[in-house]
Every structure is written in structure tokens, then in C-alpha cells.
Amino acid sequence: MDPNKNQGLNLNVNFDTTPILYTDNVSITVNEDGVVLDFIQRLINTNQVRLVSRVGMSRDHARKLLDSLETSLRGAEGAMQSATKKVKLN
């Protein structure tokens, strides 16, 4: 996804009905029809996992997601590095 493409959209989120789900693992299945991401959470002190969410998409959409995620992570990492840089003033 082009991050500039959706700047005109206004995203409305109801935080009561749309919680952030934590995941510490992801399983990715790819075939000729598309991509499925299974977001998984390990259960504490067990050898079990819980499926948190499943997201399916076309291969083209998955490529756009990958590009957008990479761009967002690079931007966040750059911002973190800028924030932690020590500047020596004379």
C-alpha cells in the first residue's frame, strides 16, 4: 500500500469493540490463490498456542502490505534513532 494514497481517508475506530490483539508469532501460508496470516499467541507456562486472528488476502495485496510494513518500520526505526542520538553542544 502506498502510505500517501490513503491520507485522505478518515479511519473511525471504536475502541470498545475493536481491541488491539497481542501476538507473538505468525504462521504464513501461501498458495497460487493468496496468502493467509495466522496470528498466534503462546499460552504462558504451557506448550500450547492460541490462534488470535486469521487474515487472508490476495498475493498482490500481500506484496503491498509487505512494502507498507517495511516502509513504516524503517520510518519508525529512523525516528527512534533520531530521538536517541546524543548531540554535543559547544
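The values are calculated or read from the model by the stated rules, or taken from the named source; none is laboratory data. Quantities reported herein were computed from a predicted structural model and do not represent experimental measurements. Every residue, glycine among them, receives a Cβ derived from its backbone with ideal geometry; neighbour counts consider all protein chains shown.
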Every residue from region 14-32 that is touching a residue at least 24 places away in the same chain (Cβ under 8 Å) and surrounded by 10 or more Cβ atoms within 10 Å (Cβ to Cβ): THR23, ASN25, VAL30
Residue count, region 18-47 (criterion: out of contact with any Ser or Thr (no Cβ under 7 Å at 6 or more places or on another chain) and farther than 16 Å from LEU66 by Cα): 16
Condition met for LEU11 (without any contact (Cβ under 8 Å) to a residue 24 or more places away in the chain, among the aliphatic types (A, V, I, L, M) and assigned to a strand (DSSP E or B)): no
Among (1) at pLDDT 95 or above; (2) outside any strand (DSSP E or B); (3) among the charged types (D, E, K, R) - the single one ARG54 does not satisfy: (2)
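Scan region 22-31 and give yes if some residue there is hydroxyl-bearing (Ser, Thr, Tyr), modelled with pLDDT of 95 or more and out of contact with any Gly (no Cβ under 6 Å at 6 or more places or on another chain), otherwise no. Give the derivation first.
Here is the first cut: in region 22-31, the residues hydroxyl-bearing (Ser, Thr, Tyr) are 22-23, 27, 29.
Now drop any that are not modelled with pLDDT of 95 or more, which leaves 27, 29.
Filter once more, keeping what is out of contact with any Gly (no Cβ under 6 Å at 6 or more places or on another chain): 27, 29.
Yes, because at least one residue in region 22-31 is hydroxyl-bearing (Ser, Thr, Tyr), modelled with pLDDT of 95 or more and out of contact with any Gly (no Cβ under 6 Å at 6 or more places or on another chain).
Taking the stated definitions as given, is GLN81 loosely packed, with under 10 Cβ neighbours inside 10 Å and outside any loop (DSSP other than H, G, I, E, B)? Explain how you work it out, then say what you get.
Numbers: loosely packed, with under 10 Cβ neighbours inside 10 Å: yes; outside any loop (DSSP other than H, G, I, E, B): yes.
Yes; evaluated as a whole, the condition is true for this residue.
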